[in-house]
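The structure under discussion appears below in the form of structure tokens.
The values are calculated or read from the model by the stated rules, or taken from the named source; none is laboratory data. Here the structure is a predicted model, which is why all the values come from computation and not from measurement. Here the Cβ positions follow ideal geometry from the backbone for every residue, glycine too, while neighbour counts run over all protein chains shown. In case anyone asks, the SASA skips ligands and DNA or RNA and just uses the protein heavy atoms, side chains included. Shrake-Rupley method; radii C 1.70, N 1.55, O 1.52, S 1.80 Å.
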Amino acid sequence: MKKNVFILLLLVSITIQAQKFKGLAETPPLGWNSWNTFGTDINEQLVKDIADKFVELGLKDAGYEYIVLDDGWMAKERDANGNLIADPEKFPSGMKALAAYVHSKGLKFGLYNCAGSTTCAGYPGSRGYEYQDARSYASWDVDYLKYDWCNTEKLNAEGSYITMRDALKSAGRPMVFSICEWGDNEPWKWAKDVGHLWRVTGDIINCWDCEVGHGSWSSWGVWKIINMRKDIRKIAGPGHWNDFDMMEVGNGMTEAEDRSHFAMWSMLASPLIMGNDLRAASKETIKTLTNKEVIEINQDKLGIQGFRFSNENNLEIWLKPLNNNAWAMVFVNMKDVATTINFDWNKHDIADDVNAKHLNQKKHTYKIRDLFNQINLGNTKSNLKAKIESHDVLMIKLENLQLTSQ
Ligand code: GAL
């Protein structure tokens, strides 16, 4: 009898261990990460400044929450007990104090490490130290871990990420677990119960549609990333997101391109992780990043990843079903010159078969709201006409108040 009870308890505890933290990232995480702008050139003051900017610039108010330090925060060696330590020059007060600063602003704090023996930039990786590192993060009050895939030799990806998930779980502090193996091992097929988000491609770069080669790997422009992984939408949902990478808004593309990039990441229900220097951001950049009506589309509680409806004559049209039978829709002008649209609602059948959603615009009238200009554009009884500048976007929300409870 005693033996049976023991076995039962053991099984229960194994089942409890073998899960990611539930109830986190129920909508795509919103935040900032140091990598796209700063690489390993990061320090304590930068993080404090960014936390201050979250509040000052209305980013916190718009919903941004996580401040994540990417590669380069650690000392080059572990201490004598094998513990990770923060680089004492860059982070003299240590990570616990920094997390406390971020928390004092009502925000959350994230760190980076890697499943391999060293990180991509050559700092100590977690291979063989997973449980010890997870305990360090928990003791520093970390809320989010981005976990990379460099120097992993022949490790099995699913197994390695499960080990880290279990290590985090056993350390006991709820942390969002952000998987970063670049889509190489198709995490959308196995990571739903392992992490809360997973990168779907190699690294983003600040261009519209370019590929920049670095020998054995490439960085990808916004549309390269979108086109590479347009067919994996089914798996995204509350608590488990396809991560299209940290944003390049404010990092050198045109304002129109930044808007389109932001609109698309919102349509794709991708995490919205800013990657620009918030201390030097232009008004226009902040206006884009804090657009609450666009962020609302990203944060819609159904968590459905949008899909391409059509792509003709260099006009991309994307749709995303929303809560309350509403829809988001974007028209992106891919041309190098301005274009006009004249969209006849009666000529189109708009449906999302995967999620059994149908825009019934022939039977019901939907109000149209322009989300970037924040104006109403009439309704679906008449054609939608607009001029869209080169690489710019018209992003609308379609809503019928009578359908809200259906
Ligand atoms: C890459 C990762 C980037 C960044 C970098 C740090 O593998 O995709 O987002 O984290 O490593 O070295």
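Rounded to the nearest 0.05, the FRET efficiency derived from the C-beta distance between residue 324 and residue 189 at R0 = 22 Å is 0.10.
Once the Cβ-Cβ distance between residue 49 and residue 78 is put in as r, and R0 is 35 Å, what FRET efficiency do you end up with, to the nearest 0.05? Show your work: numbers first, answer last.
Working: r = 29 Å, r/R0 = 0.82.
Approximately 0.75, to the nearest 0.05.
Secondary-structure-derived ellipticity at 222 nm for the chain, considering helices only, amounts to -7500 deg cm²/dmol, per-run term -39500 (n - 2.57) for DSSP H runs with n ≥ 4. Using the Karplus relation 6.51 cos²θ - 1.76 cosθ + 1.60 with θ = phi - 60°, the per-residue 3J(HN,Hα) values for segment 256-272 come to 5, 5, 4, 4, 5, 4, 5, 4, 5, 4, 5, 5, 7, 6, 7, x, 9 Hz, with x marking Gly and Pro.
Counting only protein heavy atoms and a 1.4 Å probe, tell me what percentage of the chain's accessible area is made up of carbon and sulfur. The partial results should precede the final answer.
Working: 8410 of 17400 Å².
Ligands and nucleic acids excluded, carbon and sulfur give 48 percent.
Between the listed residues 74, 304, 338, the Cα displaced farthest toward the positive end of the dipole of the chain, a dipole computed from Cβ unit charges relative to the Cα centre, is found at 304. Taken along the Cα-to-beta-carbon direction at a fixed 7 Å, the label points for residue 24 and residue 61 span 2.9 nm. Annotation: amide H-H contacts under 5 Å for residue 197 (H modelled 1.01 Å from N, sequence separation of 5 or more, or interchain): 177, 179, 241. Of the residues 389, 65, 153, the one that moves most in a GNM of the chain with alpha-carbon contacts below 10 Å is 153. Here the chain is treated with +1 on each Lys and Arg Cβ and -1 on each Asp and Glu Cβ, and its dipole about the Cα centre works out to around 1540 debye.
Residue by residue, segment 202-207 carries 3J(HN,Hα) couplings of x, 5, 6, 9, 7, 9 Hz when phi is fed to the Karplus relation 6.51 cos²θ - 1.76 cosθ + 1.60 (θ = phi - 60°); x denotes Gly or Pro.
Can you bin segment 232-367 into rounded, prolate or oblate? Criterion: square roots of the alpha carbon gyration tensor eigenvalues sorted a ≥ b ≥ c, rounded for a/c under 1.5, prolate for a/b above b/c, oblate for the rest. Oblate, since a/c reaches 1.5 and b/c is not below a/b.
For residue 237, the residues 5 or more places off, or on other chains, whose built amide H falls under 5 Å of its own are 242.
Under 8 Å for C-alpha pairs, at least 6 residues apart: give me the relative contact order for segment 89-202, rounded to a whole percent. Mind showing how you got there, number by number?
Values: 193 pairs, mean separation 26.4, N = 114.
The normalised contact order for segment 89-202 reaches 23 percent.
Backbone amide hydrogens, once placed in the peptide plane, bring residue 186 within less than 5 Å of nothing, excluding anything fewer than 5 places away on its chain. Please say if segment 190-271 is rounded, prolate or oblate, where rounded means a/c under 1.5 for a ≥ b ≥ c the square roots of the C-alpha gyration tensor eigenvalues, and otherwise the choice is prolate for a/b larger than b/c and oblate otherwise? Cα axes put segment 190-271 in the oblate bin.
Charges on Cβ only, +1 for Lys and Arg, -1 for Asp and Glu, centred on the Cα centroid of the chain; of 123, 364, 223, which one is farthest towards the dipole's positive end? Of the candidates, 364 comes out farthest on the positive side. Shown is the FRET efficiency for residue 132 and residue 229, computed with R0 = 30 Å from the Cβ-Cβ distance and rounded to the nearest 0.05: 0.30.
Site pair residue 308 and residue 173 shows an inter-label distance of 4.2 nm when each label is modelled 7 Å from Cα along Cα→Cβ.
Here the 3J(HN,Hα) profile of segment 19-36, calculated from phi with Karplus coefficients 6.51, -1.76 and 1.60 at θ = phi - 60°, is 8, 7, 5, 8, x, 9, 6, 5, 10, x, x, 10, x, 9, 9, 6, 5, 4 Hz, Gly and Pro shown as x. Which residues does a label at residue 335 reach in segment 360-399, if reach means a backbone N under 16 Å from a point 7 Å past the Cα toward the Cβ? Counting backbone N atoms under 16 Å from the label point, the list is 385-394. For the chain, the per residue solvent-accessible surface stands at 43 Å², with DNA, RNA and ligands left out and a 1.4 Å probe.
Based on the mean of other beta carbon atoms within 10 Å per residue, what is the order of 81-90, 241-250, 36-45, 317-326, most packed first? Kindly include the intermediate steps, with their values, before the conclusion.
Numbers: 81-90: 14.8, 241-250: 26.0, 36-45: 17.3, 317-326: 20.0.
Final packing ranking: 241-250, 317-326, 36-45, 81-90.
Each label point was placed 7 Å from the Cα along the Cα-to-Cβ direction; for residue 139 and residue 284 their separation is 4.9 nm.
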